[in-house]
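The next block holds one structure in the form of structure tokens; read it before the comments.
Where a number appears in this text, it was derived from the coordinates with a stated rule and is not lab data. This structure is a prediction, so every number in the text was calculated from the model and none was measured. Glycine also receives a Cβ, built like all others from the backbone with ideal geometry; neighbour counts cover every protein chain displayed.
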Amino acid sequence: MIRATFAIASLVAASASFAACPEYLDHSMRKLHSKEQVNLCETQAGKPMLIVNTASHCGYTPQFKGLEALYQKYREQGLVVVGFASDDFRQEAKDEAKAAEVCYVNYGVTFTMIAPSHVKGAAANPVFRELASQSQAPSWNFNKYLVDDSGQVVQHFGSNTRPDSKVMQAAIESVL
């Protein structure tokens, strides 16, 4: 009886958490260079997120190193980092395997990377459509959107804002 009550309570808590997830995150998307699907509600699970549109052949590509450092610094406090590979600005590797190599091998990325999709305009994926409506659409690669635990955009950072900047770290610390 106690086990059954605990199991029901766990299911109710999980359902409440899932129900609280914003609709724009309630999508399964394929991981970069993988057949595995990621449900962003499960990834977010009521935690703040840093969402970034990325490219493997861009002057800002070295920001992967700083994004990984941010993830390592703040993940134990609950920060989730999700990168969205995109070729909207013609800077992504044509071969998804090469893009994955840039992320995982060259820069040691361990945070979630999503397979290439559109991040601007009418063809933008649902996540970036909502980010644009709450803030602004990315104007280039490596736009960063800090989203609070309820899915609201707290701050948008353009390509020039480095992940190790004091302003970005202060914003992250404000939502943890």
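Within segment 37-56, list the residues whose amide N lies under 20 Å from a label point set 7 Å along Cα→Cβ of Ala20.
39-51
If you take the beta carbon distance between Ala122 and Leu176 as r and set R0 to 41 Å, what does 1/(1 + (r/R0)^6) give as a FRET efficiency, to the nearest 0.05?
It comes to 0.75.
Using a 4.7 Å cut-off between beta carbons, which cysteines in the chain end up with no partner cysteine at all?
Result for the chain is Cys58, Cys103, no neighbouring Cys Cβ within the cutoff.
Could you give the DSSP H helices of the chain that reach 24 angstrom or more along their long axis (alpha carbon positions) and whose average Kyte-Doolittle hydropathy is no lower than 0.5?
Result, helices passing both filters: 2-19.
Treating the beta-carbon of each Lys and Arg as +1 and of each Asp and Glu as -1, no other charges, what is the dipole magnitude of segment 40-87 about its Cα centre, to the nearest 20 debye?
Its charge dipole is roughly 160 debye.
Choose one of Ala137, Pro22, Asn106: the residue whose Cα lies farthest towards the positive end of the charge dipole of the chain (beta-carbon charges +1 Lys, Arg; -1 Asp, Glu; about the Cα centre).
Result: Asn106, furthest along the dipole toward the positive end.
Report, by chain and number, residues whose modeled amide H sits under 5 Å from the one on Ile114, excluding near sequence neighbours (fewer than 5 apart, same chain).
HN-HN under 5 Å from Ile114: Leu32, Gly83, Phe84, Ala85.
Could you check the simple spin-label distance between Gln134 and Glu42, using points 7 Å along Cα→Cβ, in nm with one decimal?
2.2
At a Förster distance of 22 Å, what's the computed FRET efficiency of Tyr104 paired with Ser165, Cβ-Cβ distance as r, to 0.05?
0.35
Provide Phe142, Phe89 in ascending order of the number of other Cβ atoms located within 10 Å of each residue's Cβ, fewest first.
Placing the least packed residue first, the sequence is Phe89, Phe142.
Please state the shape class of segment 12-95: rounded when a/c is under 1.5, otherwise prolate if a/b exceeds b/c and oblate if not, all from the C-alpha gyration tensor.
oblate
Going by Cα centres, segment 64-138 and segment 146-176 are how many Å apart?
One Cα centre to the other: 15 Å.
Fewest to most neighbouring Cβ within 10 Å: what's the order for Lys65, Lys94?
Listing Lys65, Lys94 from fewest to most nearby Cβ atoms yields Lys94, Lys65.
Residue by residue, what Karplus-based ³J(HN,Hα) values in Hz, rounded to whole numbers, does segment 23-31 have, using 6.51, -1.76 and 1.60 with θ = phi - 60° and x for Gly and Pro?
Calculated HN-Hα couplings, in order: 4, 5, 9, 7, 9, 9, 10, 7, 5 Hz.
Using 1/(1 + (r/R0)^6) with R0 = 45 angstrom and r between the beta carbons of Arg75 and Asp95, what's the FRET efficiency to the nearest 0.05?
Using R0 = 45 Å, I get an efficiency of 0.95.
Along the charge dipole of the chain, which of Val175, Ser34, Gly59 sits closest to the positive end, that is, farthest toward it, with unit charges on the beta carbon of Lys, Arg, Asp and Glu (+1, +1, -1, -1)?
Checked the options; the winner is Gly59.
Once every DSSP H run of n ≥ 4 in the chain is given -39500 (n - 2.57) and the sum is divided by its residues, what mean residue ellipticity at 222 nm do you get, rounded to the nearest 500 deg cm²/dmol?
The per-residue figure over the chain is -10000 deg cm²/dmol.
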